[in-house]
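A.B. asks: Below is one structure. I have some questions about it.
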Amino acid sequence: MLRESAARNIKPLLSDDAWQALRRLSPQAVRRDLEKARKQVADAERSATEANARARSAEQRLQQSRAGAGDGLTALAKQFGTDKWGSWHHYTPHYARHLGHLRDERFTLLEIGIGGYAREKQGGASLRMWRSYFPKAQILGLDIEDKSFVDTDRIRTYQGSQTDEQLLNQIVDDADDLKVIIDDGSHRCEHIRATFDILYPLLPDDGIYAIEDLQTSYWPRFGGSADVNATFTSMALVKSFLDDLNWEEFTPVDREPSYVQSHLIALHAYHNLVFLEKGENNEKSVNGRRDPAKP
Ligand SMILES: C[S@@+](CC[C@H](N)C(=O)[O-])C[C@H]1O[C@@H](n2cnc3c(N)ncnc32)[C@H](O)[C@@H]1O
């Protein structure tokens, strides 16, 4: 019946060769081929699912490592609501890398910029995060606005400008074993530079100085410039640290190094964030230029 209908309806549409090939097909062979094709499709779907799962797990591992998984600082940032980890900034893994060794130490951390700006009872997220991350540390915060509502055991706030030299001296005088300074204040280039000039000499050796949100270096409304050769920006200051590190390689023997040159031992730069390590920088020049006994 089927064959007769096919001969009547399909044969006229095909060449002789095609019709003979069709006649040779058995229903069992067609079913087998169909089964085989179905299995190939199922295998391909399974492989695609497995590849997707592998990609998802790799993405998760990447996210975890970016978040400094295991260290806990990112979780604390989220818990207390500081933007040191979030859609704009990914600072916490870098902080964990550079400050993690201090977790069980008694020391003082000073952060400029408490948060919340002029909004009443807003801010304090990062100070609370630091207090939790460093269970033995004293946490000091400075803000142009009154943030005294954040004060609690191991958190003390000061109100004033980050360029007020007298106030900065007083804060450092109050601090026991100051080890970390973070500039997360106005982000204005001239402020970042002035604060650094005042505070860096007051930070003891082995201290760490961090500057956040360096993107404003390229923003004119923050006193910055998109001209990467501009000399007045915060990034120009950061770039000068590279030469400062290597001052012995180019400074004439009869010229004394600047304060930063002789007290900077490492610079770690990340996207919009830098860390400076303070210490005595006098490893001596590779070619001996600083040795007056040599020509
Ligand atoms: C980005 S928020 C700080 C955020 C906070 N460190 C955190 O991570 O949660 C910047 C703060 O700096 C303060 N600020 C602005 N100009 C300042 C200045 N000249 N001196 C001190 N603080 C200033 C603002 O009031 C604001 O609260």
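The values are calculated or read from the model by the stated rules, or taken from the named source; none is laboratory data. Model, not experiment: these values are computed from the prediction. As a convention, Cβ positions derive from the backbone with ideal geometry for all residues, glycine included, and neighbour counts pool all protein chains shown.
A.B. asks: Among the listed residues Asp206, Asp164, which satisfies the condition of being of a type in the set (D, E, K, R), at pLDDT 95 or above and surrounded by 15 or more Cβ atoms within 10 Å (Cβ to Cβ)? So that I can check it myself, show each step before the final result.
C.D. replies: On the way: Asp206 fails: surrounded by 15 or more Cβ atoms within 10 Å (Cβ to Cβ).
Being of a type in the set (D, E, K, R), at pLDDT 95 or above and surrounded by 15 or more Cβ atoms within 10 Å (Cβ to Cβ) holds for just one of Asp206, Asp164, which is Asp164.
A.B. asks: Find the residue count for region 14-29, including only residues that are at pLDDT below 80 and either surrounded by 11 or more Cβ atoms within 10 Å (Cβ to Cβ) or in contact with a His (Cβ under 9 Å, 6 or more places away or on another chain) (or both).
C.D. replies: Residues meeting the conditions: 5.
A.B. asks: Quickly run through region 249-286 and pick out the residues that are surrounded by 15 or more Cβ atoms within 10 Å (Cβ to Cβ), without any contact (Cβ under 8 Å) to a residue 60 or more places away in the chain and not in a helix (DSSP H, G or I).
C.D. replies: Thr251, Pro257, Leu264, Ile265, Leu267, Ala269, Asn281, Ser285, listed by residue number.
A.B. asks: Residues in region 98-108: is at least one modelled with pLDDT of 95 or more and either farther than 21 Å from Ile181 by Cβ or under 14 Å from the mean Cα position of the chain (by Cα) (or both)? If you could, list the steps in order and put the result at the bottom.
C.D. replies: So in region 98-108, the residues modelled with pLDDT of 95 or more come out as 98-108.
This time we only want the ones that are either farther than 21 Å from Ile181 by Cβ or under 14 Å from the mean Cα position of the chain (by Cα) (or both), so: 98-99.
Yes, region 98-108 has at least one match.
A.B. asks: Given region 96-204, what strands (runs of 3 or more DSSP E) lie entirely inside it while holding 3 or more residues that are within 10 Å of the ligand (Cβ to nearest atom)?
C.D. replies: In region 96-204, the matching strands (runs of 3 or more DSSP E) lie at 138-143.
A.B. asks: Right, next: May I ask you to say which residue of Arg119, Arg103 is touching a Phe, Trp or Tyr at 6+ places or on another chain (Cβ under 7 Å) and under 22 Å from Glu212 (Cβ atoms)?
C.D. replies: Sole residue among the options that is touching a Phe, Trp or Tyr at 6+ places or on another chain (Cβ under 7 Å) and under 22 Å from Glu212 (Cβ atoms): Arg103.
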